[in-house]
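K.L.:
Have a look at the structure that comes next, please.
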Amino acid sequence: MVTWLDPALRRERVLEAVRRLKSRRPDVRRAILFGSLARGAGNPASDADLLLEIDAPPGSDLRAMTCALLLAMRPLPCAIDLVLRTPDQVRRVSGEPDPLLDEIEASGVLLEA
């Protein structure tokens, strides 16, 4: 079966990629799928939107970690858009608003914890 034509199969392949990542990177605490694939509305052009909660020292450049995390997930079933947050950011320790995190918490699907 062609993965990109079947949203359910693509979600399964994304879950497999997340499991590979977690086996290679124990600093990844959990992964949440959000966006069109989480809503079951994905199409052949859809990417997978993933929030990764990751242990990182204070002041870490999370964007700089993105490439290494994507490499650890290979092979990728489709394009993946990563959003990285630390546990403190997820718990909102700073009190700063995070509208994207609000959306993810409201509609995301926990893939792996």
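Laboratory data are not the source of any read-out in this text; all were calculated from the coordinates shown. Please read all numbers here as calculations on a predicted model, not as lab measurements. Because the Cβ atoms are built from the backbone with ideal geometry, glycine has one as well, and the counts that use them run over all protein chains shown.
K.L.:
For an R0 of 22 angstrom, estimate the FRET efficiency from the Cβ-Cβ distance between Ala64 and Ala113 and round to the nearest 0.05.
P.N.:
The computed FRET efficiency comes out at 0.35.
K.L.:
To the nearest 0.05, what FRET efficiency results for Val93 and Glu16 with a Förster distance of 25 Å applied to their C-beta separation?
P.N.:
It comes out at approximately 0.20.
K.L.:
OK, next. Based on the mean of other beta carbon atoms within 10 Å per residue, what is the order of 87-97, 46-56, most packed first?
P.N.:
Answer by packing, highest mean first, reads 46-56, 87-97.
K.L.:
Kirkwood-based Rg over Rh for region 3-112 (C-alpha set), two decimals?
P.N.:
0.96
K.L.:
Under 10 Å from the Cβ of Leu33, count the other residues' Cβ atoms, weight Lys and Arg +1, Asp and Glu -1, and hand me the total.
P.N.:
0
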